[in-house]
Amino acid sequence: MTAAIIVGLLTAGGTYLILQRGLVRVVLGFILLGHATTTLLVAAGGVGRRGIAILGQQGVAEQPADPLPQAFALTAIVISFGITAFLLALAARGRTVLGGDDVEQPAEPDEADRG
Amino acid sequence: MILLAVLGGTFALSAIAPLLVRAFDREAAWALAAALAGATGILAGYGPAVVRGDAVVAHVAWVPGADLALSLRMDALAFLFALIVLGIGAVVMAYSARYFAAGAAQTGRTLGLLVFFAASMLGLVLADNALLLFVFWELTSVSSFFLIGGRGEGQAGATRALLTTSAGGLALLAGMVLLGIDGGTFALSSLLADQTLATSPLAPAVIVLLLLAAFTKSAQLPFHFWLPGAMVAPTPISTYLHAATMVKAGIYLLFRMTPLYGDVALWRSSVIAVGLATALVGAVVALVKTDLKALLAYGTVSQLGFLTALIGIGSPLAVAAAAVHTLAHALFKATLFMSVGVIDHEVGTRDLDELGGLRRAMPGLAAAGGLAALSMAGLPPLLGFVSKEEALAAFIEAPGPEWLGIVATGLVVAVSIGTFAYSARYYWRTFEGPQAPGLTVNRAPATFVAAPLATAITGAAIGVSVPVLNPVENAVALVTTGTDPGLALALWHGWTLPLVLSGVVVAGGLALFALRDRVEGWQRRFATPLRGDRAFDGAYDALLAAGKHVGASASSSVPAVYLVPVLAVLGTLGAGAVVWDELGPQGAPAPSLGPDWVIIGLLVVSVVGVVQARSRIGAVATLGFTGYLVAAWFVVLGAPDLALTQLLVETLTVAVVVLAFRRLPSAFTFARPSRRVTSAVVAVIAGVLTAVATYALAGRRGLSDVGAWYLSEAQAETGGANIVNTILVDFRALDTLGEITVLAVAAGGIYALLRLGDPTGLGPRWTVEDHPAPRATPTEANRKLQR
């Protein structure tokens, strides 16, 4: 239940942002969607078992969490960071090329004129 | 192997041609001409064996899996065409040595492409594999496109030619593939020997496709329009591709497939009907054109139609006559085009209305043009006369219903009358009569006139000694129809019906020529209502417009336009999956704990903060906070590695965002309120759907088998106590390598974006002051804010 709410919350925020004008807000939305995805991956392993999957002296903890989705999520976090950085570089470059952060400017001059 | 050597040598020659031109300028064309003439001689040496029926073959497996082999075979038919391709190629090369201006920039490219075309055409006629034939066929289309080239109207003509012939090329591929599947092999000679293929259920489809290919390539109705359009090409190219060889590729295909389909009614009726119609239309239009190249182009269309109809008749006699006429046409049409090139070059115009009386200034050229015109008109003792006589005989004796022979012969006589008239028109209005006032004629060098004179004299010489052709023509008929017609070519056969018809043609042609002014006036009053090139352009433009229309819905700079459909599809799929019984909730939902609700409460605040942030500082702060909350959630879930990574990555992300903000405006651009409401609605729907799907589908089962195995075996297998770590670096190390690769690629991309192609050449500067001022003025920014 709680995992579902967290995923839904992050998805809603991310979806709203990527539908907005301006590359930076789109990137922010992408970051939120990335969080939503990693959370979903972890939730897929089941959030009922929350024991840490590190073997101590006495062996496996009680109710250990599924380690496989965690490994997937870890990879996902790093990759989404790489993409985020790339998107930000695109936005920064776009600023130099387009003269602004708003990608929708050049193709919609009529809208801009109407103000 | 000699075939492979000649073919490969010709392709190699095309590669070194531009280098030769760089070294010796246009004089290099002489060397190319000599090389092609040498190749002609080598193949001609195999003539006696080929005529006896011993085909020369070469075979190299190329793509055995696709039954595609580099297999070549030179039988009598291929021999005839190969000699035309190489022989005319040599003459055209020699002609090019004077046609192109000394030091012209394009000479190397053009000559290289011309030789490349010659090699492709040679490959086409020698290919003994259906797919190989297609490959060479397409190579000729493509090299034709580059050779026509040009700008403006030239480009339009080149495009029309390419699109029309490549549409035919695709039909050829489809037809050959169907035929190959039907016959179980792609070896052409085996396919042609398998008579069951002619009656197979697939045969009609194959026939239609192959005819489409032949008709487009050989400019038959209704595809004839591309050929006159291609006349914007330089004259050597018009001569070689669009008169003597490439347009004969379709004729060659018709010849080649006759053993299989020659007796099939669909094949026969289409080929005869289309051929005769094309012959008639071409001859009529040629009567009115005043641009010499256009006149000759329509003449070519007409002659190709004549050949097509003759092959359609399909009797051994008709096929033999078609073979003679193919040679005759190549010789006289090459002469005529090259003469026009000389005129264009030395007089500066090729418009009949501005020409006249050139015989006095250019006696050599007038002789060449005159001989060729006589041959085209079908007068003795030239080769054109012999081939036309034999063709008439073949039409008269056409197998099939009696009316066919009568109708076809009547139409052919009409075509021949037209041909005679436009031949006379060409010669008379160019070389005879008074010289137009104000026309300055430069003296053409003898080396320039030599080429047209050579082909003209060859045509006359073969005409006089025409029995030398007997073995070749009869051998062509034998490989094509299986019967040796025993044709004995001669200038004089006695008083036969064809001779009488020739008399009718001469009389009618003279009459038509005498009335030429009235005929032209009459024709011009009836402008053709339907023009192929306009119809083509209309269809082409309509297709582009339709494509633009279709693409417009998916072509926007607004990301939301792309994203909403994606979200809608994903949402629908997700909702469907939840509703669908099989995928519905199974097992008990995962339990929740107290700390979860605290995190959720804080997340609501921080996500709303990111969404609503109006300044970049606010956005960064709330974004970072959201990331740390996710890390905290991982701690609660018992995933310390995830939490650590998340903390690190979030910190890095915030740092990168701040760096990027130095280059970006301090305030955000906001969309119109209506769009914000729409986005909010879409976002809430997406959020609810994902939440429901997560609740229904995720985490409702025990530990996965793989997970359990890792927990029990990982330490023994790897010696590591942290199971997640062992998965990352041992069990799924390849995934981690992929992850690192993604980072490396992203880093490279970022470097390229920020450092390379920087107009200032100074690289990125991370201070606002140093950065070039943004182009948007404050008022514009304000206006956007208000929106």
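The values are calculated or read from the model by the stated rules, or taken from the named source; none is laboratory data. Since the structure is predicted, the reported quantities are computational estimates derived from the model, not experimental observations. Cβ placement follows ideal geometry from the backbone for every residue including glycine, while neighbour counts extend to all protein chains displayed.
Say whether the condition of being assigned to a helix (DSSP H, G or I), closer than 23 Å to B:G112 by Cβ and out of contact with any strand residue (DSSP E or B) (no Cβ under 7 Å at 6 or more places or on another chain) is met by at least one residue in the stretch B:46-58. No; the residues of the stretch B:46-58 include none that is assigned to a helix (DSSP H, G or I), closer than 23 Å to B:G112 by Cβ and out of contact with any strand residue (DSSP E or B) (no Cβ under 7 Å at 6 or more places or on another chain).
Of all the numbered requirements in (1) over 19 Å from B:V706 (Cβ atoms); (2) more than 7 Å from chain B (Cβ to nearest Cβ); (3) assigned to a helix (DSSP H, G or I), A:L32 misses one, and that requirement is (2). Of all the residues in the stretch B:672-690, those that are in contact with a Leu (Cβ under 8 Å, 6 or more places away or on another chain) and touching a residue at least 12 places away in the same chain (Cβ under 8 Å) number 5.
For every residue, the table says whether it meets (1) more than 7 Å from chain A (Cβ to nearest Cβ); (2) buried (at least 16 other Cβ atoms within 10 Å of the Cβ); (3) more than 16 Å from B:A619 (Cβ to Cβ).
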| residue | (1), (2), (3) |
| --- | --- |
| B:S674 | yes, no, yes |
| B:V677 | yes, no, yes |
| B:A680 | no, no, yes |
| B:I685 | yes, yes, yes |
| B:A696 | yes, yes, yes |
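Only one entry of B:L179, B:L191, B:L253 meets the criterion of being in contact (Cβ under 8 Å) with a residue 24 or more places away in the chain, within 26 Å of B:V476 (Cα to Cα) and surrounded by fewer than 24 Cβ atoms within 10 Å (Cβ to Cβ), and that entry is B:L191.
Among the conditions (1) within 16 Å of the chain's Cα centre (by Cα); (2) in contact (Cβ under 8 Å) with a residue 40 or more places away in the chain, B:R109 misses just one, which is (1). For B:Y562, state whether it is outside any loop (DSSP other than H, G, I, E, B), at pLDDT below 80 and closer than 25 Å to A:T84 by Cα. Against the criterion (outside any loop (DSSP other than H, G, I, E, B), at pLDDT below 80 and closer than 25 Å to A:T84 by Cα), B:Y562 qualifies.
Checking the structure you have, find out if any residue of the stretch B:104-114 is crowded, with 23+ Cβ neighbours inside 10 Å, charged (D, E, K, R) and over 16 Å from B:S166 (Cβ atoms). Scanning the stretch B:104-114 turns up no residue that is crowded, with 23+ Cβ neighbours inside 10 Å, charged (D, E, K, R) and over 16 Å from B:S166 (Cβ atoms).
Residues of the stretch B:348-380 that are surrounded by fewer than 21 Cβ atoms within 10 Å (Cβ to Cβ), under 37 Å from the mean Cα position of the chain (by Cα) and assigned to a loop (DSSP other than H, G, I, E, B): B:G348, B:T349. Checking A:L88, A:L19, A:L40 one by one, the residue that is modelled with pLDDT of 90 or more and touching a helix residue (DSSP H, G or I) at 6+ places or on another chain (Cβ under 9 Å) is A:L40 and no other. Among residues of the stretch A:9-28 that are more than 7 Å from chain B (Cβ to nearest Cβ) and touching a residue at least 60 places away in the same chain (Cβ under 8 Å), those with a beta-carbon under 9 Å from a residue that is of a type outside the set (S, T, N, Q) and not in a helix (DSSP H, G or I) at least six positions away or on a different chain give the pairs A:L23/A:D101; A:L23/A:D102; A:L23/A:V103; A:L23/B:L664. Residues that are in a loop (DSSP other than H, G, I, E, B) and among the basic types (K, R): does the stretch B:264-280 have at least one? Within the stretch B:264-280, not a single residue is in a loop (DSSP other than H, G, I, E, B) and among the basic types (K, R). Would you please name the residue that is farthest from A:G22 (Cα to Cα), looking only at residues in the stretch B:657-668 that are at pLDDT 70 or above and part of a loop (DSSP other than H, G, I, E, B)? The extreme case among them is B:R662. For the condition at pLDDT below 90, among the basic types (K, R) and out of contact with any strand residue (DSSP E or B) (no Cβ under 8 Å at 6 or more places or on another chain), B:R359 qualifies.
The number of residues in the stretch B:500-534 that are within 19 Å of B:Q155 (Cα to Cα), part of a helix (DSSP H, G or I) and in contact (Cβ under 8 Å) with a residue 60 or more places away in the chain comes to 2.
The set of residues in the stretch B:698-732 being among the hydrophobic types (A, V, I, L, M, F, W, C), part of a helix (DSSP H, G or I) and facing another protein chain (nearest Cβ under 7 Å) consists of B:V706, B:L711, B:I723, B:V724, B:I727, B:L728. Could we say that A:T39 is touching a Gly at 6+ places or on another chain (Cβ under 6 Å), in a helix (DSSP H, G or I), at the interface with another protein chain (Cβ under 7 Å from one of its Cβ atoms) and of a type in the set (S, T, N, Q) here? Considered against the rule, which asks whether it is touching a Gly at 6+ places or on another chain (Cβ under 6 Å), in a helix (DSSP H, G or I), at the interface with another protein chain (Cβ under 7 Å from one of its Cβ atoms) and of a type in the set (S, T, N, Q), A:T39 comes out as no. Checked across the stretch B:585-604, the condition of being closer than 25 Å to A:T38 by Cβ, at pLDDT below 90, surrounded by fewer than 16 Cβ atoms within 10 Å (Cβ to Cβ) and more than 11 Å from every other protein chain (Cβ to nearest Cβ) holds for at least one residue. Exactly one residue among B:L644, B:L629 is more than 7 Å from chain A (Cβ to nearest Cβ) and either β-branched (V, I, T) or touching a helix residue (DSSP H, G or I) at 6+ places or on another chain (Cβ under 7 Å) (or both), and that residue is B:L629.
Consider the stretch B:620-656 and keep the residues that are assigned to a helix (DSSP H, G or I) and of a type in the set (G, A, S). The one that is surrounded by the fewest Cβ atoms within 10 Å (Cβ to Cβ) is B:A655. Which residues, taken from the stretch A:53-66, are in contact with an Asp or Glu (Cβ under 9 Å, 6 or more places away or on another chain) and either assigned to a helix (DSSP H, G or I) or at pLDDT 85 or above (or both)? Matches in the stretch A:53-66: none. With a requirement of 2 or more residues that are in contact with a strand residue (DSSP E or B) (Cβ under 7 Å, 6 or more places away or on another chain), the helices (runs of 4 or more DSSP H) lying completely within the stretch B:138-229 that satisfy it span B:188-193. Screening B:H345 on (1) surrounded by fewer than 20 Cβ atoms within 10 Å (Cβ to Cβ); (2) within 34 Å of the chain's Cα centre (by Cα); (3) under 18 Å from B:A421 (Cα atoms) shows it passes everything except condition (3).
Among the numbered conditions (1) exposed (fewer than 12 other Cβ atoms within 10 Å of the Cβ); (2) within 14 Å of chain A (Cβ to nearest Cβ), the only one that B:L563 does not meet is (1).
Tally up the residues in the stretch B:10-51 that are farther than 23 Å from B:A451 by Cα and buried (at least 20 other Cβ atoms within 10 Å of the Cβ), please. Number of matching residues: 1.
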